[in-house]
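Quick note: the coordinates plus some simple rules give every number you see, no bench work behind them. Here the structure is a predicted model, which is why all the values come from computation and not from measurement. Every residue, glycine as well, gets a Cβ built from its backbone with ideal geometry; the counts of neighbours run over all protein chains shown.
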Amino acid sequence: MKKHYISDNKIFIMARTREDKIMRALENKTWQEIKVKDSWQIFKIMAEFVDGFEKLARIGPCVSMFGSARTPQDHTNYKLAEEIARLLTERGYGVVSGGGPGIMEAANKGAYEAGGKSVGINIELPFEQFHNPYIDRDKLLQFNYFFVRKVMFMKYSQGFIVLPGGFGTMDELFEAITLIQTGKIARFPIVLVGKDYWGGLLDWVKSRMLEEGNISLEDLNLYRLVDTAEEAAGHIFRFYDKYLLKPNF
């Protein structure tokens with residue numbers, strides 16, 4: 001497995017950027033400065049919501065795929081994500097990713113090369129994220145705010161497939177589980193791919209969260225753990241065969 005290294009210069013720049021953000025956050029500001037900045041920020045947030053709603057509402061049934069931005073193209077998980085996206089596309093479902101490299105790129109690539117709808121919900125980051133070349137030109141959205149971006153994933157997806165990833169992937173996974181558990185969105189299928197990767201986390205959920213009464217036994221049915229592309233896509237298909245959801249063609 002390839003290791004990922006960050007140059008000393010990049011680490012220095014990232015550290016300086018973090019320091020500058022902390023210093024700006026701690027600066028004394030007048031009430032007028034705070035009020036003006038917050039007021040204009042509201043309009044920027046509204047603009048991102050409007051743009052996202054208008055574009056995504058026209059796409060039709062889609063499945064979101066989450067996973068690490070750091071997965072190289074020759075990794076097994078990259079190939080797995082490609083295959084899952086291809087299978088979804090062949091049944092008429094669009095594929096939505098975070099728009100960046102790694103697993104996100106693989107998801108878009110699988111959909112794009114199979115002739116399906118390939119959607120990228122990209123986030124603007126100082127050093128890491130850039131959109132991949134496999135997103136349909138009219139289906140690339142750029143966001144500055146993470147919370148707006150997450151609303152788009154949750155509002156316009158009819159299922160979630162989660163491959164191995166880091167903190168961002170965990171955030172997206174538990175956001176979906178929480179919204180379904182609390183009834184804020186419909187009970188769409190959530191599929192975790194990779195028993196070796198996710199098994200330890202799910203064992204902990206059972207042995208600690210469930211045992212200490214922080215979740216209910218039925219909450220364990222909110223997700224499905226699989227290993228193969230066929231199992232992942234198949235779970236989505238069986239779910240919607242039951243509810244007669246019409247795909248994009």
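Measuring spread by the Cα atoms of segment 46-243 yields a radius of gyration and Dmax of 15.9, 48 Å.
With each label modelled as a point 7 angstrom along the Cα→C-beta vector, the ASP136-ARG187 pair spans 3.1 nm.
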